[in-house]
1. Restricting to the stretch 2-25, what's the tally of residues that are in contact with a Gly (Cβ under 9 Å, 6 or more places away or on another chain), without any contact (Cβ under 8 Å) to a residue 60 or more places away in the chain and surrounded by 14 or more Cβ atoms within 10 Å (Cβ to Cβ)?
2. With respect to residue 28, is the statement that it is within 22 Å of residue 3 (Cα to Cα), in contact with a His (Cβ under 9 Å, 6 or more places away or on another chain) and touching a residue at least 60 places away in the same chain (Cβ under 8 Å) true?
3. Within the stretch 1-20, work out how many residues are assigned to a loop (DSSP other than H, G, I, E, B) and among the small types (Gly, Ala, Ser).
4. Under 8 Å by Cβ, and 6 or more places apart or on different chains, what pairs join a residue from the stretch 67-93 that is closer than 18 Å to residue 17 by Cα and touching a residue at least 12 places away in the same chain (Cβ under 8 Å) with one that is part of a helix (DSSP H, G or I) and among the aromatic types (Phe, Trp, Tyr)?
Amino acid sequence: MTMFHHVSIGVSDLERSTRFYDAVMAALGHERFLQKPGTQSWWPKGGGQAFWINLRDDLTVIGDDGRHIAFQAESQAQVDAFHAAAVAAGAADDGAPGIRPEYRDTYYGAFVLDPDGHKLEAVYAPRD
């Protein structure tokens, strides 16, 4: 059994964030799932845990408070694609793709800040 059913965050501009996450989630092999007024979601092709964005009028994102969302990647190349797609779609680089030995010798990750300042990571970390 997986730990999470879904993850949801607030965004200040649904159209902008939908365009951003379309690019980022496609790089990870995910597709749009459900769309309703003020909300949009993606999930892995074939189903699985969903990621949702929800329009919030008075959104406050506190930078560098320790929170971030780490998306599972299937390879180092997919982490690289996530980072490139995110930066091309307007994210701020917050850690280029690479091995993170402080976490584990096989931990390969990349960090970005989405258009609202949410910290995102893609990680490939096989457990041998």
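Just so it is clear, none of the values below were taken in a lab; they were calculated from the coordinates. What you are looking at is a predicted structure, and each value in this text was computed from that prediction instead of being measured. Positions of Cβ are generated from backbone atoms using ideal geometry, with glycine treated the same way; all protein chains shown enter the neighbour counts.
1. So the answer is 1.
2. No: the conditions fail for residue 28.
3. Adding up the residues that qualify gives 1.
4. Hits for this filter: 71/82; 86/20; 89/20; 90/20; 91/20.
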